[in-house]
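The values are calculated or read from the model by the stated rules, or taken from the named source; none is laboratory data. What you see is a predicted model, and the numbers here were worked out from it, not measured in a lab. FYI the Cβ positions are ideal-geometry reconstructions off the backbone, even for glycines, and counts take in every protein chain you see.
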Amino acid sequence: MIVKDEFLSKLRRYFSLNLYEAKVWTALLSRGVSTAGELSDIANVPRSRSYDVLESLEKKGFVVMKIGKPIKYVAVPPTEVLERVKKNISQESQDQIKQLEQLKNTEIINELSSLHTQGVELIEPSDLSGSIRGRTNLYNHTEFTIREAESVVTIMTSTQGLIRKVEGLFPVLQDLNKRGVKIRIAAPINTPEAKKAAETLKDVAEVRHIDHISARFIIVDGEELIFMVMPDDAVHPTYDIGIWVNTPYFASALEQLFELAWTNLKVPAKK
């Protein structure tokens, strides 16, 4: 049986299989029921490894062992395998999240936090900077940064960026609003989707329309700054790049410039 390498590669990625497992599984699917020796020949897998591979596939729920002489293996329908894999991933994720939650108040986190605090105390604030690649990483770091805000969060973004803020940051913005943190967002609100996003965000932030400046940045308490170096419509999300820096000098100056523009911005009309 000849199966293209590209297809095997997809199976390995989507179903978390090694090469031998992918080969033996596809061989068994092509036969329905087969022995380890037959599958070894069909899949071109060493016979000494075929039993281990089939045992692994059985544990993962891909095959069922049929008792008898010789022992045979029955293929589980792919649709059922898919559901089993989804269920296993979900369960493993929940277990891992539970374990991580339990770490919050342990000595491990306390010691790590102590190491981080001591390390930060040894460096200049201006040295706390870095580049962040990928929109997912950018939003993760943005959430982490604004979550620690004490007084003001200032955001300037694009039309699509405004819509993404609802999808990616709304819960943390809600928490900030409850704590009394002032949140201001300026963006080009010129599409029905953007107007809808602005309407959603108005409960947690002041949102105003801007069309004469194109920029993407976030200022936290006039001290920390995250700014994106390219327009989001000109770069793939994977290659989006942001710069994060702890710089009260520049962040406060940018905050003042934003304040000058803010006073002339209009509250968007209802959608």
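Restricting to the range 207-231, count the residues that are of a type in the set (D, E, K, R) and over 21 Å from Phe144 (Cα atoms).
Within the range 207-231, residues that are of a type in the set (D, E, K, R) and over 21 Å from Phe144 (Cα atoms) number 2.
Given the residues Ile210, Ile219, which is the only one that is buried (at least 18 other Cβ atoms within 10 Å of the Cβ), among the aliphatic types (A, V, I, L, M) and modelled with pLDDT of 95 or more?
Ile219
Can you tell me which residues in the range 158-193 are touching a residue at least 60 places away in the same chain (Cβ under 8 Å) and under 21 Å from Phe227 (Cβ atoms)?
The answer is Ser158, Gln160, Gly161, Arg184, Ala186, Ile189.
With the condition kept exactly as written, say whether any residue in the range 38-48 is under 29 Å from the mean Cα position of the chain (by Cα), closer than 18 Å to Leu8 by Cα and modelled with pLDDT of 90 or more.
No: the range 38-48 contains no residue that is under 29 Å from the mean Cα position of the chain (by Cα), closer than 18 Å to Leu8 by Cα and modelled with pLDDT of 90 or more.
Take Ile241 and decide whether it is of a type outside the set (Ser, Thr, Tyr) and modelled with pLDDT under 95.
Judged against the criteria, Ile241 is a match.
Just checking, how many residues over the range 186-212 are out of contact with any Asp or Glu (no Cβ under 7 Å at 6 or more places or on another chain) and under 20 Å from Leu138 (Cβ atoms)?
Residues in the range 186-212 being out of contact with any Asp or Glu (no Cβ under 7 Å at 6 or more places or on another chain) and under 20 Å from Leu138 (Cβ atoms): 6 in total.
If you check Ile97, Ile132, which single one turns out to be surrounded by 11 or more Cβ atoms within 10 Å (Cβ to Cβ), within 20 Å of the chain's Cα centre (by Cα) and modelled with pLDDT of 85 or more?
Ile132
Just to be sure I understand the filter: pairs with C-beta atoms under 7 Å, separated by 6 or more residues or on different chains, first member in the range 1-27 and over 18 Å from Arg84 (Cα atoms), second member assigned to a helix (DSSP H, G or I) and of a type in the set (D, E, K, R). Which pairs pass?
So the pair list comes out as Leu8/Lys23; Leu19/Arg12; Tyr20/Arg49.
Just the residues that are surrounded by 15 or more Cβ atoms within 10 Å (Cβ to Cβ) and either in contact (Cβ under 8 Å) with a residue 40 or more places away in the chain or outside any helix (DSSP H, G or I) (or both), please, taken from the range 28-39.
Leu28, Leu29, Arg31, Ser34, Thr35
Acidic (Asp, Glu), closer than 19 Å to Leu138 by Cα and not in a strand (DSSP E or B), is that true of Asp175?
Criteria not met by Asp175.
When only residues in the range 41-89 that are part of a helix (DSSP H, G or I) and of a type in the set (Ser, Thr, Tyr) count, which is nearest to Val24 (Cα to Cα)?
It comes out as Ser50.
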